[in-house]
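J.: Would you mind keeping the following structure in view while I ask a few things?
The values are calculated or read from the model by the stated rules, or taken from the named source; none is laboratory data. Treat the numbers as computed from the prediction; the structure is a model and nothing was measured. FYI the Cβ positions are ideal-geometry reconstructions off the backbone, even for glycines, and counts take in every protein chain you see.
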Amino acid sequence: MIGYRRNIHSEPKLGVTAIDISEMAAAFCAPLAIDLIEHLGEPTYAGRLTASLADTVDLAHVAILAFFGETRPSLLATYSRLSPTINQRTASLYLGGYYVLDPIARLRSQTANRREFLFAQRQRAEDIADPAYRSFCYERSGIVDRISFSHRCGTEDWIAVNVYRDASQGPFGANDCARLVAMAPLLTTSAIKHWRLISDRRLTGKLPAADGDVVERRLAMVGPTLSKREFEVCLEMLAGRTAKEIARRLQIAPTSVVAHRQNAYTKLNIHDHKQLFSLMLA
């Protein structure tokens, strides 16, 4: 459990600590905020956030996730100080299904209507009961400890900022946890702003039908890392068009459509068009 301030209330059944944001104005970290401002909505955001945090707390990786009700979450941004390959692979495995075993999943379903709080949850490798989850998402990647900060940012939408340490660094100490908790409101607030900026930039505003607007916005939310062309190809697929029709409309080669489609599937952590439609309808 993480609990270092009087305004933090523990929830033992969830293994989670609830932080009252309204009481944490004094914990606002101005230097970190200044560091992040120009990187919000940019590909450099995760790297800048990681570097800024590393000035205060030794860490290995940072991953920022967006959750949508009960559907599959999306990787918003990630950065590793040690190995980008390990970080990306671990995130893919987590999003592939292990996220349902994470205490964060229970947190979202059991803490509705508490938007004035953000939630901190610490999970060490030895805390994970499921052997496959522990092996694939922690042990094989060398991860030994994680602190996750989650905050509701919509009716059913959540943002989570996860900070990891590996075996070479050892678990987070009490001072590390306290420093991260102090910065937690800024971490989640900046992540939400980053997510919204990315989503807004993905919206073309060219679809005339109201349903089309809803699909566009939904795709922008679940696929914040899609490139402009990948985003366009997915929209065309959702409109029921074939690869040849998409190629003609976008004035690109059919082989390029296939390549963009596959890249989009990888980023969305799905395997075919049926799963793409399910993601939009969930």
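J.: Taking the stated definitions as given, is Val16 surrounded by 15 or more Cβ atoms within 10 Å (Cβ to Cβ), outside the structural domain of Leu219 (by TED's automatic domain parsing), modelled with pLDDT under 80 and under 21 Å from Ala184 (Cα atoms)?
T.: So Val16 fits the description; yes.
J.: Determine whether the stretch 48-58 contains at least one residue that is in contact (Cβ under 8 Å) with a residue 40 or more places away in the chain, part of a helix (DSSP H, G or I) and more than 18 Å from Gly142 (Cα to Cα).
T.: Looking for residues that are in contact (Cβ under 8 Å) with a residue 40 or more places away in the chain, part of a helix (DSSP H, G or I) and more than 18 Å from Gly142 (Cα to Cα), one finds at least one in the stretch 48-58, hence yes.
J.: Could we say that Ile86 is at pLDDT below 85 and either part of a strand (DSSP E or B) or surrounded by fewer than 19 Cβ atoms within 10 Å (Cβ to Cβ) (or both) here?
T.: The answer is yes for Ile86.
J.: List every residue pair whose Cβ atoms sit under 6 Å apart, with the two residues 6 or more apart in sequence or on different chains, where the first one lies in the stretch 258-282 and is assigned by TED's automatic domain parsing to the domain that holds Thr225 and the second, anywhere, is in a loop (DSSP other than H, G, I, E, B) and acidic (Asp, Glu).
T.: none
Each row is one residue, and each column tells you yes or no for (1) surrounded by 16 or more Cβ atoms within 10 Å (Cβ to Cβ); (2) under 15 Å from Leu219 (Cα atoms); (3) of a type outside the set (Val, Ile, Thr).
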site	(1), (2), (3)
Lys244	no, no, yes
Arg249	no, no, yes
Ala253	no, no, yes
Val258	no, no, no
Thr266	no, yes, no
His273	no, yes, yes
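J.: Return the total of residues in the stretch 256-271 being charged (D, E, K, R) and under 16 Å from Ser92 (Cα atoms).
T.: Residues meeting the conditions: 1.
J.: Got at least one residue in the stretch 146-155 being in a loop (DSSP other than H, G, I, E, B), in contact with a strand residue (DSSP E or B) (Cβ under 7 Å, 6 or more places away or on another chain), assigned by TED's automatic domain parsing to the domain that holds Leu53 and not aromatic (Phe, Trp, Tyr)?
T.: yes
J.: Moving to a separate point now. Take Arg106 and decide whether it is surrounded by fewer than 18 Cβ atoms within 10 Å (Cβ to Cβ) and within 13 Å of Ile143 (Cβ to Cβ).
T.: no
J.: Filter the stretch 165-188 for residues that are closer than 21 Å to Ala91 by Cα and either among the basic types (Lys, Arg) or in contact with an Asp or Glu (Cβ under 7 Å, 6 or more places away or on another chain) (or both); which is surrounded by the fewest Cβ atoms within 10 Å (Cβ to Cβ)?
T.: This residue is Pro171.
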